[in-house]
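Participant: Dropping the structure in here first, questions after.
The values are calculated or read from the model by the stated rules, or taken from the named source; none is laboratory data. Because the structure is a prediction, the values reported are computed rather than measured. Reconstructed Cβ throughout: ideal geometry from the backbone, glycine too, with neighbour counts over all protein chains shown.
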Amino acid sequence: MRHTGTIAVSLILLLATITVEAANFERGRQVYQMRCIACHGPRGEGIMPQTPKFNMGERLDRPDLMLLQNVKMGGNGQPPFIGMVSDEELLDAIAYIRTLR
């Protein structure tokens, strides 16, 4: 009986996590469309000459926190977003970008 209860609680927690991730994915898509699409393109193909091609996986081998710092601080053509967008929103956008491959 105890194992059945544990399994049921685990499934409920898993479903709650999936719902939260779906909501974050949508917010990430919205942030990408508002803040990133002008340089990175609608499918992550990179519009500017030095812009990474996310659809080809460029720079996506880096951990999320490293990408977060790159976006926040800017550099190499990336404008800084520090103070403009929350870390949560940027991490949601990074999660969305990872789906463009």
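Participant: Within the bounds of the range 86-97, is there any residue that is in contact with a helix residue (DSSP H, G or I) (Cβ under 6 Å, 6 or more places away or on another chain), surrounded by 12 or more Cβ atoms within 10 Å (Cβ to Cβ), assigned to a helix (DSSP H, G or I) and aromatic (Phe, Trp, Tyr)?
Facilitator: Yes, the range 86-97 contains at least one residue that is in contact with a helix residue (DSSP H, G or I) (Cβ under 6 Å, 6 or more places away or on another chain), surrounded by 12 or more Cβ atoms within 10 Å (Cβ to Cβ), assigned to a helix (DSSP H, G or I) and aromatic (Phe, Trp, Tyr).
Participant: Could you tell me which numbered condition LEU67 fails, if it satisfies all but one of (1) at pLDDT below 95; (2) crowded, with 18+ Cβ neighbours inside 10 Å; (3) of a type in the set (A, V, I, L, M)?
Facilitator: (1)
Participant: Still on this model: ARG2 versus (1) surrounded by 13 or more Cβ atoms within 10 Å (Cβ to Cβ); (2) at pLDDT below 90; (3) of a type in the set (Lys, Arg): which is the lone unmet condition?
Facilitator: It fails just one condition, (1).
Participant: Given the condition in contact with a Leu (Cβ under 8 Å, 6 or more places away or on another chain), of a type outside the set (S, T, N, Q) and modelled with pLDDT of 95 or more, answer yes or no: does some residue in the range 73-80 qualify?
Facilitator: No, because not a single residue in the range 73-80 is in contact with a Leu (Cβ under 8 Å, 6 or more places away or on another chain), of a type outside the set (S, T, N, Q) and modelled with pLDDT of 95 or more.
Participant: Quick one: which residue in GLU26, GLU45 is at pLDDT below 95, surrounded by fewer than 17 Cβ atoms within 10 Å (Cβ to Cβ) and touching a Phe, Trp or Tyr at 6+ places or on another chain (Cβ under 9 Å)?
Facilitator: When all the criteria are applied, what remains is GLU26.
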